[in-house]
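The next block holds one structure in the form of structure tokens; read it before the comments.
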Amino acid sequence: MKNLILYVIPAFIWGSTWLAITFQLGVVDPLVSVFYRFLLAAIILFVYCSMIKINLKYNAKQHLFMALQGVFLFGINYWLVYLAEVYLKSGLVAVVFCTIIFLNIFNGFIFLKSKIRLNVVTSALIGFVGIILVFKDEILNFNFSSEKSSALMLAFLSVITASIGNILSAYNQKNNLPVVQTNAYGMLYGALLMLLLVFITNTPLSFDASFRYIGSLIYLAVFGSIIAFYSYLTLLGKIGADRAAYVTLVFPIIALLLSTFFEEYTWSLFALLGVALITSGNFLMLRKAHQTH
């Protein structure tokens with residue numbers, strides 16, 4: 001039941017953050033928005049750690065691996081996602097991001113010596129076919145203009161960096177680094193990298209004082225970063241990076257359910273069939289995970 005809760009929380013939260021990210025685009029450069037998001041999240045986490053008096057002292061090697069996790073998972077990954085969403089519809093970015101399942105399986109095998117489990121690969125393939133059916137129209141309507149092709153490459157690069165971040169989190173947890181403190185330092189290091197890139201690229205350090213921007217920033221920092229990543233990375237440490245990544249197939253469906261209520265999204269037969277496949281793959285993956293634990 002605890003694993004199920006850890007699974008549901010990021011699925012529902014990240015299902016809403018795709019829309020929230022679009023509220024961040026426009027006035028403020030994506031690089032700066034990612035810096036604000038993870039700096040705010042890091043500050044809140046450090047305040048929380050101080051309030052409950054948990055250990056924040058780690059050696060240089062531990063800081064190095066927390067920094068690597070932060071750079072890949074809380075820095076470069078999100079900067080690339082924000083850039084991609086400037087030119088691509090969020091549904092298409094979601095489809096690209098679902099390939100993280102296969103990368104986690106491969107990278108887990110290479111770097112963590114994890115077994116490639118047939119049921120996880122099968123579940124991932126069933127779910128990925130489902131997500132393609134759900135976003136069939138966006139895929140078919142995609143045109144390879146120079147801007148959109150570049151954005152598509154950025155989306156794929158974001159998946160690669162996110163997968164590396166996932167594997168680093170699994171490695172850190174195996175070496176007894178707690179998720180909360182690792183996330184606090186990781187988000188701080190990720191934010192500082194973004195700030196460094198802001199200065200290197202001469203990007204204006206601007207701010208949008210609108211309710212739309214500030215509200216979405218707080219939501220992304222507290223729910224999309226602190227709560228969702230705590231749940232997801234804790235789950236990852238318990239059931240493996242391959243199984244945990246199935247969340248990426250579920251949250252686009254949550255996004256469409258929200259869109260049904262708030263944006264009058266109309267479900268097609270293909271979309272319903274896609275959801276059925278994703279649900280079937282999800283059931284297979286979770287059932288096997290329960291049997292092996």
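The values are calculated or read from the model by the stated rules, or taken from the named source; none is laboratory data. Note that the structure is a prediction, hence the values are computed from the model and not measured. Here the Cβ positions follow ideal geometry from the backbone for every residue, glycine too, while neighbour counts run over all protein chains shown. Surface accessibility is based on the protein's heavy atoms, side chains included, excluding ligands, DNA and RNA. Shrake-Rupley method; radii C 1.70, N 1.55, O 1.52, S 1.80 Å.
Can you tell me the relative contact order of the chain? Whole percent, Cα pairs under 8 Å, sequence separation 6 or more.
41 percent
Give me the distance between the Cα centres of the range 6-67 and the range 87-140, rounded to whole Å.
Centre-to-centre distance over Cα atoms comes out at 24 Å.
So what are the three principal axis dimensions of the range 136-229 from its Cα atoms, in whole Å, longest to shortest?
46, 35, 29
Beyond 23 Å, what share of the Cα-Cα pairs of the range 83-205 is found? Please give it as a whole percent.
Every Cα pair in the range 83-205 considered, those over 23 Å come to 48 percent.
Heavy atoms only, probe 1.4 angstrom, no DNA, RNA or ligands counted: give me 154, 196 ranked by accessible area, highest first.
So, going from the largest accessible area down, we get 196, 154.
Of 272, 83, which has the most accessible area and how do the rest follow, probe 1.4 Å?
My answer, sorted largest first, is 272, 83.
For the range 248-257, in order, what is each residue's ³J(HN,Hα) by Karplus, 6.51 cos²θ - 1.76 cosθ + 1.60 with θ = phi - 60°, in whole Hz (x at glycine and Pro)?
5, 7, 8, 5, x, 5, 4, 4, 6, 4
Just by accessible area at a 1.4 angstrom probe, what is the order of 269, 4 from largest to smallest?
Listed by decreasing accessible area, they come as 269, 4.
Can you work out ³J(HN,Hα) from phi for every residue in the range 79-85, in order, using Karplus 6.51 cos²θ - 1.76 cosθ + 1.60 and θ = phi - 60°, giving whole Hz and x for Gly and Pro?
Listing the rounded values in order: 4, 5, 5, 4, 4, 5, 6 Hz.
Rank by packing, highest mean first: peptides 240-251, 111-122, 136-147, 12-23, with packing defined as the count of other Cβ atoms within 10 Å averaged across residues.
Ranked by mean Cβ neighbours within 10 Å, highest first: 240-251, 12-23, 111-122, 136-147.
Can you tell me the relative contact order of the range 137-249? Whole percent, Cα pairs under 8 Å, sequence separation 6 or more.
40 percent
Give the carbon-plus-sulfur fraction of the accessible surface of the chain in %, rounded to a whole number; probe 1.4 Å, heavy atoms of protein chains only.
Its accessible area is 72 percent carbon and sulfur atoms.
What value, in deg cm²/dmol to 500, does the helix sum -39500 (n - 2.57) over DSSP H runs of n ≥ 4 give at 222 nm once divided by the residues of the chain?
-25000 deg cm²/dmol
Apply the a/c threshold of 1.5 to the C-alpha gyration tensor of the chain and tell me whether it is rounded, prolate or oblate.
It comes out oblate by the Cα gyration axes.
Just how far, in whole angstrom, is the range 187-201 from the range 223-277 if you go by their alpha carbon centroids?
What the calculation gives is 29 Å, centre to centre.
If you average 1/r across every pair of different Cα atoms in the range 1-141 and take the reciprocal, what Kirkwood value do you get, in Å?
Every distinct Cα pair counted, the radius reaches 18.0 Å.
Just the number please: accessible area per residue for the chain, 1.4 Å probe, all protein chains included, in Å².
47 Å²
With a 1.4 Å probe and every protein chain left in place, tell me how much accessible area residue 126 has, in Å² to the nearest 10.
Using a 1.4 Å probe on the heavy atoms, I get roughly 50 Å².
Take every Cα-Cα distance within the range 87-132, group them into 10 Å bins from 0 onward, and report for each bin the whole-number percent of pairs it holds.
26, 45, 24, 5
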